[in-house]
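The values are calculated or read from the model by the stated rules, or taken from the named source; none is laboratory data. These figures come from a predicted structure and were not determined experimentally. Cβ coordinates were reconstructed from backbone atoms using ideal geometry, including for glycine residues, and neighbour counts include every protein chain displayed.
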Amino acid sequence: MPTNQTQKEEKPALPVKVDVLIVGSGPIGAVFARELVNAQLKNREDLQILMVDVGPHVVKGQLQHLSVPTGDIATQYIRNGQNPAQKANENLAEAAASRVVGGMGSHWTCCTPRQHLDEQQPGFTEVYKNYDRAEHLFNTTTTAFDHSVRQHLIMHTLEKAFNDRPIKAMPLACRRNKSPDNTNYVEWTCPATILDSGVRGHREKLSDPKYSKVPPTRAWERDPITLNDKFEVWPNTQCVKLNLAEDKDKNVKVVSASLKHLLTNAVYNVTADKFVICAGAVLTPGILWNSGFTTDDKKPSYYVKELGKNLTEQTMAFCQVELWKEHVENVMTQPPVVDEKPFDPKNPTRRPVKDTNITNKPRKEDLPKVWGDFWNTTAPKYWIEREKAEKRDEQQANASWVALRTELKDKVAKHVKTFQLDPLPFPADDPDPQCYYSYVFTDTKSKTNKRWHTQIHRDAFGYGQVPADIDQRRVVDLRWFGYTEENGHNCVEFSTNNRDEFGMPQPTFHFTEDKSQRQADMRADMVTVANRLGAIISKEDVHKNMPQGSALHICGTYKAGIGDKADERSVVNQYGQMWKHPNVVLGGCGVIPKANACNPTLTAACFAIHAVKKMVEDLDK
């Protein structure tokens, strides 16, 4: 943003012709840009790519509610997102969009699991082959939190409690600093990191004026901006619509995009050979609707039957636990002092064993037989399986475990000795736990499938704030995600009678809550796991799912289709191209064709990578 807010804004020199226009600068937009810039086109060595985002370039994460019923007394004075057409019982109340450079990449969880085969749509085998490439772009790893004492304590505890249920380290999009001077630093994946090594450059180029066509004094136009002469990012630039033209046979073609520079209200019509719209699962169909596309079959040239339909969103259950004191003591490197008196700071050798916040007790069979058995175990199954995946045999796995266990034990011993007033054995810089149970686990006792995705970790969501009187090192978040059955009712519609704060058609949700037994089973499973770890802090959390839309994982609103009459059942083909409009490519979670329970971003990246392959083929003709 400019340092002098009173200066007169000048109209930016936005290009009027590019090869590819990308609307949306989130993780998926970044995947499109990186793959296109890296593509070796024989006939277009000077491929020009313009990326625009309606929001500014800021560091802070940003979310805005999409649809707020005005009949709700508690929300009738909320200005943004007000929607008199929204029925409260059909709303995705927590659905929100990011309007900022970086999009959802400014605040996402960075959890990047692959879809289970049960979640994948048949016929898209070539799309799912891109998982390796997507994981490379996102820096997906399961090892970044190997040096967390609490991670191994939780995995150790759950492996003992549920011997036939594999616990795994969560696949995360991040890189831990390998410098021995500071291994605490973790770089979480975002559009900047996705673009970083792919768009011919290093991060220091972001602040180097020679890589920008705009004077550095006008940073609001330049930031994060030009990494090379092929690619530019323009913040505060809204794609209002795609401009359509009819030929003599009434066939419609997309010829340009209307872009509005919000700081000057200047409007530009930019032409391109390919228009890539990846503005989110709700805002993307909103742009198409504003362009003239409709679900009204009375306008055959503009008719897109499934636009905004087939909406799926995940259900979500959440709770927090405070680790049982017995689990905490199991990490100590010296026997705990058994004393029922509260901790006395004047007597630092006395450690607390009684917690007034805990009213229920753990099952005796879940507790360690003797203190410190956490340090006496051979390599656990979860470690051996992970090492096997890295092409290491069991002997190598045991050796690496012994080395890691020794390192962690030394860390705990050093912390306890150095900070004798600290009642916990966990170092202050101990990384947060990050582990999970994967989708579809077959319970050998009940012969049932657990068709949900789980996250056992710590995260920074607003609803996961730790009470002030509890040390957050003892707190673990449990998030269980379930899928909703696809039906013909769930959709998002748009109205030109009501406009949002950016003048775009107001989205209205029609979504039926999934009240199936599977949802109750999912919550019960979460409570079962939680009780093995510690005392549930707020027991009100476990009796119902989070408000609809809390997962922020909307999919299917412009789903991809394949096979006979796919154009009647979907909006785009397997390459993200709109049916009848091959120069328009849609990206993001909206293309994912089937209901799912896991985090969908990695799968959306697979579709984007697949789309770029076709785009390169078309552009290089």
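Structural remarks
- The condition of being modelled with pLDDT of 90 or more and exposed (fewer than 13 other Cβ atoms within 10 Å of the Cβ) holds for only one of 454, 349, 418, that being 418.
Okay, residues lined up against (1) acidic (Asp, Glu); (2) assigned by TED's automatic domain parsing to the domain that holds residue 236; (3) surrounded by 18 or more Cβ atoms within 10 Å (Cβ to Cβ); (4) farther than 29 Å from residue 323 by Cα:
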| residue | (1), (2), (3), (4) |
| --- | --- |
| 117 | no, yes, no, yes |
| 121 | no, yes, yes, yes |
| 124 | no, yes, yes, yes |
| 155 | no, no, yes, no |
| 166 | no, no, no, no |
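- Only one of the numbered conditions (1) in contact with a strand residue (DSSP E or B) (Cβ under 7 Å, 6 or more places away or on another chain); (2) part of a strand (DSSP E or B) is violated by residue 599, and that is (2).
- Single match in 395, 465, 434 (criterion: at pLDDT 95 or above and polar (S, T, N, Q)): 434
- Residue ranges of helices (runs of 4 or more DSSP H) in region 139-244 with at least 2 members closer than 30 Å to residue 425 by Cα and either among the aromatic types (Phe, Trp, Tyr) or modelled with pLDDT of 75 or more (or both): 149-161
- Flag for residue 535 being closer than 29 Å to residue 155 by Cα and either touching a helix residue (DSSP H, G or I) at 6+ places or on another chain (Cβ under 7 Å) or not in a helix (DSSP H, G or I) (or both): yes
Yes/no per residue for (1) assigned by TED's automatic domain parsing to the domain that holds residue 323; (2) at pLDDT 90 or above; (3) out of contact with any Lys or Arg (no Cβ under 7 Å at 6 or more places or on another chain):
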| site | (1), (2), (3) |
| --- | --- |
| 365 | yes, no, yes |
| 370 | yes, no, yes |
| 375 | yes, no, no |
| 391 | yes, no, yes |
| 401 | yes, yes, yes |
| 424 | yes, yes, no |
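- Residue 425 vs. criteria buried (at least 20 other Cβ atoms within 10 Å of the Cβ), more than 22 Å from the chain's Cα centre (by Cα) and under 19 Å from residue 148 (Cβ atoms): yes
Residue-by-condition table, conditions (1) within 20 Å of residue 491 (Cβ to Cβ); (2) in a loop (DSSP other than H, G, I, E, B); (3) assigned by TED's automatic domain parsing to the domain that holds residue 275:
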{"position": "557", "(1), (2), (3)": "yes, yes, yes"}
{"position": "562", "(1), (2), (3)": "no, yes, yes"}
{"position": "567", "(1), (2), (3)": "yes, no, yes"}
{"position": "590", "(1), (2), (3)": "yes, no, yes"}
{"position": "593", "(1), (2), (3)": "yes, yes, yes"}
{"position": "603", "(1), (2), (3)": "no, no, yes"}
{"position": "609", "(1), (2), (3)": "no, no, yes"}
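- Number of the exception - residue 522 against (1) surrounded by fewer than 23 Cβ atoms within 10 Å (Cβ to Cβ); (2) closer than 30 Å to residue 325 by Cβ: (1)
- Evaluation of residue 265 against the conditions (1) touching a strand residue (DSSP E or B) at 6+ places or on another chain (Cβ under 8 Å); (2) closer than 16 Å to residue 241 by Cα shows that the sole unmet condition is (1).
- Contacts under 8 angstrom Cβ, first residue in region 112-128 being in a loop (DSSP other than H, G, I, E, B), partner of a type in the set (Lys, Arg), 6 or more apart: 118/451; 119/594; 120/594; 121/594
- Yes/no for residue 498 being in a strand (DSSP E or B), modelled with pLDDT under 95 and in the same structural domain as residue 119 (by TED's automatic domain parsing): yes
- Tally of residues being farther than 30 Å from residue 279 by Cα and either of a type in the set (D, E, K, R) or surrounded by fewer than 21 Cβ atoms within 10 Å (Cβ to Cβ) (or both) across region 168-192: 10
- Number of positions in region 411-425 that are closer than 17 Å to residue 472 by Cβ and of a type in the set (Lys, Arg): 0
- Residue that is farthest from residue 558 (Cα to Cα) [pool: residues in region 268-292 that are modelled with pLDDT of 95 or more, assigned to a strand (DSSP E or B) and not polar (S, T, N, Q)]: 270
- With respect to the stated conditions, residue 490 is modelled with pLDDT of 95 or more and in contact with a Leu (Cβ under 8 Å, 6 or more places away or on another chain).
- The set of residues in region 34-85 being small (Gly, Ala, Ser) and either surrounded by fewer than 17 Cβ atoms within 10 Å (Cβ to Cβ) or at pLDDT below 70 (or both) consists of 39, 61, 71, 74, 85.
- Residue identified as touching a strand residue (DSSP E or B) at 6+ places or on another chain (Cβ under 7 Å), modelled with pLDDT of 85 or more and not basic (Lys, Arg) among 312, 295: 312
- Residue 329 being charged (D, E, K, R), at pLDDT 60 or above and within 30 Å of the chain's Cα centre (by Cα): no
Yes or no, residue by residue, for (1) surrounded by fewer than 19 Cβ atoms within 10 Å (Cβ to Cβ); (2) more than 21 Å from residue 127 (Cα to Cα); (3) within 21 Å of the chain's Cα centre (by Cα):
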residue	(1), (2), (3)
533	no, yes, no
561	no, no, no
570	no, no, no
576	no, no, yes
585	no, no, no
591	no, no, yes
600	no, no, yes
613	yes, no, no
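- The residue that is nearest to residue 326 (Cα to Cα), among those in region 397-424 that are part of a helix (DSSP H, G or I) and of a type in the set (Asp, Glu), is 410.
- Flag if residue 270 is within 23 Å of residue 47 (Cα to Cα), out of contact with any Asp or Glu (no Cβ under 9 Å at 6 or more places or on another chain) and buried (at least 20 other Cβ atoms within 10 Å of the Cβ): yes
- Applying the criterion of being part of a loop (DSSP other than H, G, I, E, B) and not hydrophobic (A, V, I, L, M, F, W, C) to the residues of region 438-456, the residue that is nearest to residue 332 (Cα to Cα) is 438.
- Residue in region 457-478 that is touching a residue at least 12 places away in the same chain (Cβ under 8 Å), surrounded by fewer than 20 Cβ atoms within 10 Å (Cβ to Cβ), in contact with a His (Cβ under 7 Å, 6 or more places away or on another chain) and in a loop (DSSP other than H, G, I, E, B) present: no
- Odd one out for residue 134, checked against (1) assigned by TED's automatic domain parsing to the domain that holds residue 459; (2) of a type outside the set (Ser, Thr, Tyr); (3) modelled with pLDDT of 95 or more: (1)
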